[in-house]
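Asker: Before I ask anything, let me first share the structure, which is written out below as structure tokens.
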Amino acid sequence: MIDVMLASGDLIKLNQETHPGCYLHRSDPDDVARVEHVTFICTTERDDAGPNNNWMAPDEAKSRMHELYEGCMKGRTLYVIPYCMGPIDSPLSRCGVEITDSPYVVANMRMMTRMGSAALARIERDGGFVRGLHSVGELDPKRRFIMHFPADRLIQSFGSGYGGNALLGKKCHALRIASTQARSEGWLAEHMLIVGIENPQGEIHYIAAAFPSACGKTNLAMLIPPSEYEGWKIWTVGDDICWMQPGDDGRLWAINPEAGFFGVAPGTGESTNPNALAMLNQDAIFTNVAVTADNQPWWEGKDEEVPVTDWRGNSYTSGAGSAAHPNSRFTVPIRQCPSYSEQAEAPRGVPISAIVFGGRRERLVPLVMESKSWQHGVLLGASMASETTAAATGQVGVVRRDPMAMKPFCGYNFADYWSHWLSFADRVSNLPPIFHVNWFRKDRAGNFIWPGFGDNMRVLEWMINRCSGQVQARETAIGSVPHISDININGLDAGISELEALLEVDTAAWSEEIEQIREYLQQYGDRLPERLLQELNKVTAQLARVA
Ligand code: TSX
Ligand code: MN
């Protein structure tokens with residue numbers, strides 16, 4: 001496949017001395033990101049897709065797609081990709097078959113999924129699979145659709161070669177279709193990383209964490225503890241998607257359905273994510289990055305090298321905007337990650353000790369808090385929000401609601417999704433505690449207060465200590481925050497006053513926030529679960545009491 005693409009120009013060889021097995025792909029400049037406005041959930045009833053999705057009637061969607069597909073692969077090669085999402089022998093895994101005319105899709109799916117004869121054998125055992133049909137078409141943005149038919153377990157994608165639109169195992173299958181499957185089968189398909197945290201006693205706690213884009217999910221998944229944490233180790237199970245199911249022991253057990261990373265390149269450097277950098281020196285595909293004079297891949301935040309060619313292939317002079325596309329990517333097998341966890345292959349998955357939600361908020365939201373109950377934790381997830389960054393298109397610094405980081409990925413009505421989340425409290429005996437974190441609080445001068453990155457280990461340790469009942473917490477109206485003395489600050493510049501600012505809960509400001517959350521949730525109308533509203537009312541009442 002590599003040879004086919006080198007011959008066609010789909011791939012360009014990078015410096016094979018410094019980066020053996022590494023190649024560059026340049027997308028059509030109009031095809032560099034997911035396209036939410038032409039992504040549809042096609043259910044018979046519009047309300048089943050919900051206000052969180054674009055909706056089209058299945059018949060109309062199919063006839064439109066049929067027209068687009070007519071003759072689209074004439075003169076091209078059609079590839080059939082049987083793939084398995086999750087370890088081949090895991091009962092939590094699910095299979096699919098993608099038909100595509102893109103060799104780039106084949107090469108990426110080979111790294112991102114378990115593809116090939118083992119998957120085909122499992123499909124024969126399972127007797128069912130998710131069907132995916134993909135054609136790059138003419139790459140015309142006006143003739144581009146990503147259609148999902150949950151009732152048929154079917155995905156149809158046309159007009160884009162970009163990862164999230166074309167690698168159908170990832171967002172389309174493992175999140176949008178899988179979330180509807182999970183709902184009917186009693187499990188969860190979530191936009192979460194999975195990491196193991198090993199303490200000096202050799203015990204490993206696994207956490208699953210959901211963050212909106214631009215919060216550093218991949219960095220957290222590969223965190224290196226600070227030097228004060230001798231004997232501690234972080235193990236990477238996954239950086240993007242988590243499928244969780246209750247086990248016989250009443251705990252949630254999780255797998256990473258993916259077998260690789262399709263990560264954002266810009267911002268990946270020696271200080272932010274040395275593990276990621278280390279896995280990108282061989283056998284990786286780079287998409288829309290820049291290139292140095294000696295043909296090495298380069299992006300903003302990588303190192304002090306100077307690129308000579310930008311992501312479009314034009315010559316680059318420094319200062320002329322960014323050289324790599326802000327959404328440029330690397331594709332690499334998860335096994336190449338230095339912190340890769342062997343447990344990522346365990347058929348039963350890993351037991352989840354804590355669920356974490358997070359967001360990017362300059363003010364208001366404390367560094368970490370713990371929910372009062374599962375029900376309250378679901379409210380924390382449903383009211384998640386993040387400030388937009390320059391990396392995404394549109395305005396910068398605007399608060400966007402992104403419940404459970406699933407806004408672009410939940411394959412059905414969010415109101416029903418929250419009901420599904422709430423139902424776990426009725427069925428599962430040993431649910432993990434739910435936390436909320438915010439690495440991005442700023443002081444009055446506009447500087448980040450918390451050092452973040454490896455030092456987030458200090459917050460992870462507090463959460464684990466809460467799980468095992470080793471520390472108490474201070475209850476507030478919005479959740480429980482750490483006692484200052486329970487956060488390990490050995491070796492940190494941040495003093496006690498910074499920690500106090502990071503953990504402060506401003507009652508008046510939170511009352512305003514709660515009203516905005518209420519307004520947001522009310523758009524889901526009658527379908528909104530009563531228990532979520534009750535929980536919101538409880539918080540409102542407690543804020544009024546302490547005001
Ligand atoms: O990924 C991030 N994490 C999680 C790491 C495990 N980022 C990068 C976000 C963009 C994808 C962060 N940025 C984090 C963080 O915890 N925190 C911040 C904010 C920040 C930025 C720079 C510094 C401190 C905090 N310090 C200096 O630049 C020296
Ligand atoms: Mn993602």
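Asker: How many residues are part of a strand (DSSP E or B) and of a type in the set (A, V, I, L, M, F, W, C) when one looks only at segment 442-482?
Answerer: 3
Each row is one residue, and each column tells you yes or no for (1) closer than 28 Å to Arg458 by Cβ; (2) open to solvent by 20 Å² or more (accessible area, probe 1.4 Å); (3) assigned by TED's automatic domain parsing to the domain that holds Gln472; (4) touching a Leu at 6+ places or on another chain (Cβ under 6 Å).
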position	(1), (2), (3), (4)
His376	yes, no, yes, no
Met384	yes, no, yes, no
Ala390	no, yes, yes, no
Asn413	no, no, yes, no
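Asker: Could you please give the count of residues in segment 278-295 that are surrounded by 19 or more Cβ atoms within 10 Å (Cβ to Cβ) and touching a Cys at 6+ places or on another chain (Cβ under 9 Å)?
Answerer: Qualifying residue count for the region: 5.
Asker: Still on this model: Being within 20 Å of Met56 (Cα to Cα) and assigned to a loop (DSSP other than H, G, I, E, B) is the filter here; which residues of segment 156-183 pass it?
Answerer: Result: Gly159, Ser160, Leu168.
Residues are listed down the side, and each one gets a yes or a no for (1) without any contact (Cβ under 8 Å) to a residue 12 or more places away in the chain; (2) loosely packed, with under 14 Cβ neighbours inside 10 Å; (3) more than 19 Å from Tyr162 (Cα to Cα):
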| site | (1), (2), (3) |
| --- | --- |
| Cys22 | no, no, no |
| Pro29 | no, yes, no |
| Val32 | no, no, no |
| Ala61 | no, no, yes |
| Tyr69 | no, no, no |
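Asker: So which pairs qualify, if the first residue must be in segment 34-47 and among the charged types (D, E, K, R) and open to solvent by 80 Å² or more (accessible area, probe 1.4 Å), the second must be in a loop (DSSP other than H, G, I, E, B) and at pLDDT 95 or above, the Cβ gap must be under 6 Å, and the two must be at least 6 apart or on different chains?
Answerer: Correct list of pairs: Glu36/Pro408.
Asker: Here is a further query. Could you check segment 78-97 and list, in sequence order, the residues that are open to solvent by less than 10 Å² (accessible area, probe 1.4 Å) and under 23 Å from Leu24 (Cα atoms)?
Answerer: Selection gives Ile81 alone.
Asker: Do any strands (runs of 3 or more DSSP E) lying entirely in segment 61-139 carry at least 1 residues that are out of contact with any Gly (no Cβ under 9 Å at 6 or more places or on another chain), and which ones are they?
Answerer: Counting at least 1 such residues, we get 79-85, 130-135.
Asker: Would you confirm whether any residue within segment 495-504 is in a loop (DSSP other than H, G, I, E, B) and crowded, with 18+ Cβ neighbours inside 10 Å?
Answerer: The answer is no; no qualifying residue exists.
The values are calculated or read from the model by the stated rules, or taken from the named source; none is laboratory data. Here the structure is a predicted model, which is why all the values come from computation and not from measurement. Cβ sites come from the backbone with ideal geometry, for glycine too, and all protein chains shown count toward neighbours. We work out accessible area using only protein heavy atoms, side chains counted, and drop any ligands, DNA or RNA first. Shrake-Rupley method; radii C 1.70, N 1.55, O 1.52, S 1.80 Å.
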